[in-house]
Structures are given as structure tokens and as C-alpha cells.
1. Would you mind putting 1-9, 88-96 in packing order, based on average other-beta-carbon counts within 10 Å, highest first?
2. Starting from 0.36 nm per residue, how many nanometres of slack lie between Glu59 and Glu3 once their C-alpha separation is accounted for?
3. Looking at the chain, do any whole DSSP H helices span at least 24 angstrom along their long axis by alpha carbon and average 1.0 or above on Kyte-Doolittle, and which?
4. Can you give the Kirkwood hydrodynamic radius for the chain, in Å, rounded to one decimal and based on Cα pairs?
5. Springs between alpha-carbon atoms under 10 Å, Gaussian network over the chain: tell me which of Arg11, Arg57, Arg131 tops the mean-square fluctuations.
6. Report the extension gain between Ala10 and Met43 in nm, rounded to one decimal, defined as 0.36 nm multiplied by the number of residues separating them, less their alpha carbon distance.
7. Mind jotting down the distance between the C-alpha centroids of the stretch 101-141 and the stretch 41-57, whole Å?
8. Taking each pair of distinct Cα atoms in the stretch 83-162 once, what is the resulting Kirkwood hydrodynamic radius in Å?
Amino acid sequence: MNEVLETLKARRSVRSFKSDLPTDDELKAIVEAGLYAPSGRNMQEVITIVVKNKELRDEIAEVNREIGGWKEGFDPFYQAPVIIIVLGNKERSTHVYDGSVVLENMMLAATSLGLGSCWIHRAKEEFEMPRFKQLLKDLHIEGDWEGIGHLAIGYPAKDNNDVPKRKEGRVYTID
């Protein structure tokens, strides 16, 4: 079978990561895959922020935990050492879809490199907060951006090769 189709079938959401940081080359390749995602009218109005800084990563995790309503001590990023945040320009009607495809491209790239990933929600709520609006300003990012999602990225702590059975009755054909 074709390598792309094999990668699609191999991708899993990883919820247990080793503490080792992915290499800069691996992260660059993952982010680059996101840059090649399709976008409405090819406007390419999605940005990514790679967070390797542990202090900021932990701050984001704590805010995400609070938004999600989990007990203190829970890490919604499953100890992944890197978080990639994806934001879409609110001026584009397709910004949520565009950002979602960027996330998918990056998850597939991570899988192809032997890394694990997990799409984590609540970026929208985070980037409505003054603290994270200020983070964008500090990065000299202007405009009105909505958090689409985060990717927890790292080396899987265990094999995750179990393939869940695909639900029947989801494909219809009209000839």
C-alpha cells in the first residue's frame, strides 16, 4: 500500500509521552507540513506557535486544565514536551476549517517521523484571555486570531499500535 495511506492508518492520538524533546529538524518538518495544508481561497491565514519553553508550556497546560475543569495536577497535554498552537485569522470565514487541516497535516507528519501527537482543544478559550492576547503582541502578531487547537508533540512513552475497529455505515455512494 502507498506510504501516505499507511501513515493515515498508523496515526493515533498519543496520551503518554517521554520527556525527550523532539529535534529541531523534526519540529521544523512537522510545522512545514502544516504550511502545505489547503486553505480557503489559498489565503494561508493560519499561524503556528511552537512552544518548547517548559515554563510557558506548563502555564498553558495549567490554564487548559482549568478551562477543562480537571482536578489539580492533571496535565491535559499528557506530559508532551512540546506544544504547537494553531490559530486562524478571524477575518477569514474558513479559519476554523483551515486551522483544522493544518493540525491534521502536522499529526500525519509527526506519525511519519516516529513521533506521537494529540490534538488538544480549548485554544479558543485561551486566546480570548488577556494573558494570551498579550503573548501574541509580544510575538509581534497583529490581527484578530482565534485559537483552533494545540498539538501535544513528543516521543510516545509506549507503543500505540492497536487499531480501533472502524464504525460501519458511514459511507454512502451515489452512482
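The values are calculated or read from the model by the stated rules, or taken from the named source; none is laboratory data. Treat the numbers as computed from the prediction; the structure is a model and nothing was measured. Don't worry about glycine lacking a Cβ; one is built from the backbone with ideal geometry, like all the others, and counts go over all protein chains shown. These accessible areas exclude ligands, DNA and RNA; they are computed on the full protein's heavy atoms, side chains included. Shrake-Rupley method; radii C 1.70, N 1.55, O 1.52, S 1.80 Å.
1. 88-96, 1-9
2. Values: separation 56, 0.36 × 56 = 20.16 nm, distance 3.75 nm.
Difference between extended and current length: 16.4 nm.
3. Helices passing the filter in the chain: none found.
4. Final number for the Kirkwood radius of the chain is 17.0 Å.
5. Top of the fluctuation ranking is Arg131.
6. Details: separation 33, 0.36 × 33 = 11.88 nm, distance 3.03 nm.
In short, 8.8 nm is gained.
7. 5
8. This gives a value of 13.6 Å.
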